Structure formats: C-alpha cells, structure tokens
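Below are the structure tokens for one structure; questions will follow.
The values are calculated or read from the model by the stated rules, or taken from the named source; none is laboratory data. Just so it is clear, the model here is predicted, and its values are computed rather than measured. Here the Cβ positions follow ideal geometry from the backbone for every residue, glycine too, while neighbour counts run over all protein chains shown. Heavy atoms of the whole protein, side chains included, go into the accessibility calculation; ligands, DNA and RNA do not. Shrake-Rupley method; radii C 1.70, N 1.55, O 1.52, S 1.80 Å.
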Amino acid sequence: MSFLGSQQTMHKSDSIDKTHWSQRLVILGIILFAVAIALWQLVPPNVIPATAPLTEFSADRTMPDLKAISQAPHPIGSAAHTAVREYLVTQLKAMGLQPEIQTTTVVQPGDGGFGAGRVNNVLVRIPGKASTGAIVLDGHYDAADTGPGASDCGSCVVTGLETLRAIRAGTPLNNDLIFVFADGEEVGMLGARAFVTEHPWAKDVKLAINFEASGSRGAAVMYITSRNNQRLISEFIKAVPYPRMTSFSPAFWGLLPGAQIGCDLEEYTARGSGGFGFYYGGDTPAYHTLRDNVTEIDRRSIQHNGSYALSLLQHFGNLDLKTLTATQNAVYFNILPNVVLHYPESQVLPLAIVTSILFVAVVWLGFRARTLTFKGISLGAIAFLLSAIGVVVLNVLGWWLMRSLNRSLQVLLIGNYQANLYHVSFVVLTVATMMAIYSWLCQRFKVDDLAIGALFVWLLLTIASSAWLPGASYLFAIPLLFNLLAWSWILLTRNRSWMGILLLSVALIPGIVLLMPVQVYFGSWMARFEGIMNVPLSTLQMVFTALLCGLLVPQFVFFTSFSSVTSRSPRWIVPGGTLLIGAILLSIATFNSGFSTAHPRPNTMSYLLDANRGQANWVSSDRHLDPWKVQIMGTNAQQQQIEFALSPASSGFSAPAPLVNLPALEVQRLEQPTSSNKSALRLRLKSPRQASIAYIDLTTQGTIARAEIDRKPLDLTPLTPKQRQALKFIFFGLPQEGIELNLELTNSQSVQMKLEDYTWGLPAIAGSAIAPRPADLMPAPGHPDYTIVRKQLSIAI
Ligand SMILES: [Zn+2]
C-alpha cells in the first residue's frame, strides 16, 4: 500500500485491504498515545499520607486546618474572616512561633477610582543561619464573598502552614523565610501591597513564591515568573519533583492590556523581587462559589502545591539569593509530566533560523523529487490558513449559538459544569471538519503541496513568535522541526511506503504533547474571560487544535483515501464517523448542561434601599427569573438595567421591596485644620449599621488638590484636571469607628456625594420570611446577596 503519493498511485490497488485498516489503527494509536502523554501533565501527584515523617509535606495533614478555615465565606471585613485569622494565629503560636499582625490601610488606583481597605496581614519570619536575603511564601487568607474558599485560597494557607511545619522539622536553612498570610487579595491584592510597600521586612525579599487557585482540582502550574528568569528557572527545575510549567503563560499574559494577572505575586515582582506564581484551575465553575469547599477539593492539588513550596524553600533557602538575576528569560516547557526542557531566549532566534533552513532544504528536496511546486506550496499554505481560521470561527459561532439557545449557559458562572465534555466535543468536531476539508482538497491538490504548505504557515508562526513572543516560540519551532526532519527523510529516500506515514506520525508526538496542555490552560483562562465579559470565548482554544491539524495533513489523507473507487466513495467514512462522534458528545454535554444539587444554578439577589427617596427594591443581575426569585420579587419584576458600585451595569430584574429602616453611611464634618490656606474638608465616614464595604463618589466644581483616605494620601498626579473634579473609591473592611476622608479643594463651594454601603445577606422583612435558597441554587460567583443602602448629599464648603 502506498501513501502520500499523487492520487494516481493511491488508486492503483483495487480494494480496501485489511492491512490498511490495521495501519490506520496503528497511526490512531500513536496519536492517542501522544494525547495521553499530553493529558498526563494535567494530573497532580499522589497524596503523601499523614503518617509520613514531619519533614515531608502531607496534604492529608492539612485537612483539619483546611476544614477549620473554609467553613463559610470569609471576605475581608466579615466576622468569619476575623475567625480565620484568629485560627491561623493560634496554629502558628501552637508551633511556638510569634506571628506578627500588620494592620494598615492601603489605597491604590484602580479602574476609574481607588480601591482601599483596612488589612490585617499575618506574618512569620524564620531567620536563617547565614542569610543572603529573604524568601517570601505568600498565600491569601481572605476569600471571595460567595464561597468558603477551600481552594481559593484555603489551599494556599494550609500549604503555608504545612510547609512551615516541615521546614521547622528539618535542618535549618541559610536564608531567612517570611510567610505572608496575606489579607485583601480578593479586593485588589491589598494585603500584599501593604506588605511590600510598608513592612520593614519587605526590603530583604529576594524571591517570592505565591500560590493561587481558580478551580478545585488539577495540577498546580507554575504560570508566572519574574523577568530575566533564566537562572531562576534552571534552579527551579533542579529543585522541584513535579514541575508543570510553560513559558507560553507569562508570554500570553504579558500581551494583555495592562499585563496584570491579578495575583499577589505581581506586588513583589513589580518591586524587583524574583518570583514564581502557581495556580491550579481544573473545574473552573467551582471558582468563588459554594462548591469551592473541602468536599470538592482534590487533595492532590494541595500535595502538588506543597511539593513546590517545600522543595523551593529547601533549595533556594541554601542558595546565594544575590546571584539569582540573569540578563535574559528562559524558554521552558514540559515534555513529560515531570521533565522540563529549558533554554535561554538567546537560543530562540538560532532555533528559528535552523528551522527555516531545514524548511528550505525540504522544499528543495521536494522540487528535486518533483513532488512539490512553488505554486502548490503557496496554495497549500493558503488552504490551511483559510480552513484553520474558518474552523476556529465556526467554533466560536457555534458556541455563541449554543449559549444563545441554552438557558443553562446564560448564567453568571466561570465556565460551565460540562466544560470538559464540551471541550472534547469541540476538539473532535474540529478534527473531523479539518479531515473532511483535506479529504476534499487532496482530490484537487497534491498531498505534498498541501502538507508542506501547512508547514509553511507553521514556519511563519515560528518566525513571528521567535521575534515577538519568544516564550511561546517553542510551541511552533519544535513540532515543526520534528515534522521537517521526517519530511526530509521521506523526500531524500523517496520512500513512499508505510514507513513514511509511520515516521510522520511519530514526528507528530511533540506537537500534540506541547500544544494540548497549553490548549487546556488557555481554555480555562478563556472561560474566566467569558465569565467576566459575557462573550463566547471558550472555544477560542480550538486555535491550537486547528493548528495541530496542519501537522496532520498526511494522516488525514491516509485516513480518507481508499483504493477502491466505487459509486459511494468510502473516503467520507472516517471524517463522517468522527463528525458523528463529535455530535454525539456535544449532545450528551448539552443534555447534561442543566442544574442539580451537585451542580447548583448560580443566581443573584440584592436589596437596594434609596435612603433619600425612602424606596427599596429587590434587584437581580440574572437574565432569567427562577421560582426562588419570584417568591422574593413577586410576579411583576421588571427587566431593567441594574447598577451599583460592586456590580457593573447589566440588564437584570428589579421589583419594589418592603421598606426596612436601615441607616445610610453617616458623614460627619470634623474640625478643619487652621494651617491650611486652601479650603479643607475633613469628614468622618461611618456606617451605623456596621457595614464593612463603603463606596464614595464625590464631585465638586473646583479641583481636588489633595486627598487622604484614613490618613493615606492618594496619588492624584496621573489624573487630568477634569478627573480631579471627582473622587471615587471603595473601602473594604470599614472599621466600626469609621474612616477619615481629608480633602483640600480649590475653587469649590460645595461637594456632592453619592454613598453606598454594603452588608452581606438580605434584610429581615417584618411579617415575611425569605426562604433560603434550595440546594440546587447558589449565589453567583462575585455576586453575594447584598443589602445596599444608597444616599446622596451635598456639603457646603
Ligand atoms: Zn485567590
């Protein structure tokens, strides 16, 4: 049986022989083997039992702590948050340590205003024997207000506690260790910022290690590092037993506007410290929901965190931390679950040049063998580019359509409960479509032209990424290199036997092993963006599958070419069958996309009182009503734009609510300091109902020359004169005694203020009890049941 020749040679024998099918199975076997190796990278290591020596990290030993910490949502400013901090301090003292609580107010610029809060970091320092600097292990102990935070970030806190125990049980290290149990991460990394900007220990920090979670399971990935990390990466790989990492991740995140990931690590690396950031992100719908609990969490993910934490502290704890910086970044990636390849970025361009030369050699060999033509390769490249783009567009449109038709996908959730099955279905459908396209194309064009044309697109991607996104270049350069090597052997030996396709399929393995895990990571990031922006982005990850299809051209042709020419061409059997499998999987995913007690439907409900008008409303940002909401809102809920400071404007439902007598934020005018020559305004803002979140929107006709929140000056220098007529901020963790707002104004006769304060939970309504949510409902992530009191007032200067 010949293959990869022109169609003429392919149709020479007269029937489908059995060997051909067994050969197809072998090729399929190789592909599935590569897929298995790729997916194996997503599996965390096994849990070390609690009976292990104390010098080891045991995820089982962290369970009592995790249960204690993640009983209930514990956002900054809540009573549960205080309880978690007290538990943490008790545990640290029980270890014989003297934890320090850093209490301070932090103010930082954010989107169109400032974010501020009163934070309480819990800090522990273990002095080294001969310190060259300090290593920070950071994990935040505050949680989102819509979930108990077992993963985000109870897992980070217990990783810190268990690592501390293991370190203290082992031989002392040279360098100082600082454990930062940070506060206020969920409301803008306030605690980490407080530590790095205000705490005297911060100047010693040479390396920061940060843990995060945005799901409830999966391998912990080292997804972000500091710049010029070549030395750090090579030491990292020596140290950790189960590395999972890709330099694609920092390269991709660096592309985003602002290049902000939104984790504590950025606070350290922005101030020059080296750093490693970890997260695990399997089961994204658990993120910031009630399902982020101890039962749902996969202990292996904590074990994986611990394997990094302990080995990194032990390794870097004895290195000279002053020598960690390099002059360049490293490119790094897993080739097997625990095997990482890395090289300095300076080798990226040489690699691209070698690949380009090899490509030219392959083309020359093809010209010489008369199987390739310049025109043919160009058409092959265009054909691949158009079909790959077309298939990705189809995926995005298909997902948009499914989201428009399926109400279960129209909820506020990060990802969906059937995300994995949807993912597999879209991969199968993408491959089937590309196979069908190539089955058709190979009737009109020569296979070699089509295959080398697709590789030309890969070459362009290699060159472009090598020039502009070196951290991602390996994704293209290495798979291409292997394919070109296989092609040069085929064209050199002019061997068109079964050996050729076998070789090409083996050469495919690096592509699958490198791209597939990245596709999964990328998919979880897209699910997050989809949840935040409410645009269908999840299937954008199919760009990786579509690209891989460019390496699969010979296999597509092999799978769809049959030597018999009957009236009903069997070349549609394989793509048709694959399409059918994809459609069945998609149907199963859709059929199971509904909600249950195991997979609760997220919904939202808040009580909004306008103190000026004496009017109250139930408001919900959901797109659809459900019986629980109807029971609260009544049957005449109106569709309306819903907007309050902690919820971006969105269409939702509103209905009149009974009036509950709740006091609004109190604005007290304090004595003005006499030294000031501009008009000064000193205010005390206080919540008589002890709300812990306050929002202030202040405007004036004049200019705000200076502003201080809780005695922390605001940096107004980047603001335009127009922007200086207003000041907006949210304060988290509002103390009982309130905060002071000090302003210096020029040319102002008065200020207008819009105020909101927030408590968690709906108010008690006299004479009617609000039923708690049934077990198949839960608050949507980031949308707890708020009671909001809104007020407007004007103050004359
Ligand atoms: Zn977090």
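Sort 494-502, 245-253, 209-217 by packing, meaning the average of other beta carbons within 10 Å per residue, with the highest value first.
Averaged packing, sorted descending, gives the order 209-217, 245-253, 494-502.
Loop only by DSSP, 15 or fewer other Cβ within 10 Å of the Cβ. Give me the trypsin sites (Lys or Arg not before Pro) in the stretch 510-596 that pass, ordered by residue number.
Those satisfying the criteria are ARG568.
Strictly under 4.7 angstrom between C-beta atoms: which cysteines of the chain have no such partner?
Unpaired cysteines in the chain: CYS263, CYS442, CYS549.
Under 5 Å between amide H atoms, partner at least 5 residues away or on a different chain: which partners does SER692 have, H built in plane at 1.01 Å?
HN-HN under 5 Å from SER692: TYR758.
Rounded to the nearest 5, what % of DSSP beta bridges with both residues in the chain are antiparallel?
75 percent
Work out from phi, with θ = phi - 60° and the Karplus expression 6.51 cos²θ - 1.76 cosθ + 1.60, the ³J(HN,Hα) of each residue of the stretch 688-704, listed in order in whole Hz, and give x for Gly and Pro.
Each residue of the stretch 688-704 in turn: x, 9, 6, 5, 9, 10, 10, 10, 10, 10, 10, 10, 8, 6, x, 10, 8 Hz.
Can you give me the accessible area per residue for the chain, using a 1.4 Å probe, in Å²?
40 Å²
Step through the residues of the stretch 342-348 one at a time and calculate ³J(HN,Hα) from phi using the Karplus curve (6.51 cos²θ - 1.76 cosθ + 1.60, θ = phi - 60°), rounding each to whole Hz and writing x for Gly and Pro.
8, 8, x, 4, 5, 8, 5
Then there is this: Which of the residue pairs LYS678/LYS791; LYS712/LYS791; LYS686/LYS722; LYS93/LYS206; LYS67/LYS728 have a Cα-Cα distance greater than 32 Å in the structure shown?
LYS67/LYS728
Beta carbons within 10 angstrom, averaged per residue: use that to sort the peptides 776-788, 144-156, highest first.
Per-residue mean Cβ counts within 10 Å order the peptides as 144-156, 776-788.
Taking 0.36 nm per residue of separation and subtracting the Cα-Cα distance, what length does fully extending LEU256 through LYS754 add?
176.0 nm
Work out from phi, with θ = phi - 60° and the Karplus expression 6.51 cos²θ - 1.76 cosθ + 1.60, the ³J(HN,Hα) of each residue of the stretch 621-628, listed in order in whole Hz, and give x for Gly and Pro.
8, 6, 8, 9, 7, 9, x, 5
For the chain, what is Rg from Cα atoms divided by 2.2 N^0.38 Å, rounded to two decimals?
In units of the globular-protein estimate, the chain measures up at 1.07.
Okay, moving on. Once neighbouring chains are kept in place and the probe is 1.4 Å, which whole percent of the accessible area of the stretch 601-797 is contributed by carbon and sulfur?
The nonpolar share, carbon plus sulfur, comes to 49 percent.
Taking H as built 1.01 Å from N, whose amide H comes closer than 5 Å to the amide H of ARG706, not counting residues under 5 places away?
For ARG706, the qualifying residues are GLU744.
Turning to a different aspect of this structure: Take LYS129 and ASN747, extend 7 Å from each Cα along the Cα→Cβ direction, and tell me the distance between the two endpoints in nm.
6.8 nm
Right, something else. Sum -39500 (n - 2.57) across every DSSP H segment of at least 4 residues in the chain, then divide by the residue count to get the 222 nm mean residue ellipticity, nearest 500.
It lands at -13500 deg cm²/dmol.
Let me ask another. Of all trypsin sites (Lys or Arg not before Pro) in the stretch 370-478, which ones are in loop regions per DSSP and have a Cβ with at most 15 other Cβ atoms within 10 Å?
Here the sparse-neighbourhood loop sites are ARG370.
Something else about it: Can you list the residues, at least 5 places off or on another chain, whose amide H is less than 5 Å from the amide H of ILE770, using H built in the peptide plane?
ILE765
If packing is taken as the average number of other Cβ atoms within 10 Å across a peptide's residues, how do 601-614, 624-637 rank, most packed first?
601-614, 624-637
Could I ask something else about it? So if R0 is 60 Å, what FRET efficiency would LYS93 and ALA771 give, r being the distance between their Cβ atoms, rounded to the nearest 0.05?
Result of the calculation: an efficiency of 0.90.
Solvent-accessible area of ILE588, probe 1.4 Å, all protein chains present, reported in Å² to the nearest ten, please.
Accessible surface of ILE588 is approximately 70 Å².
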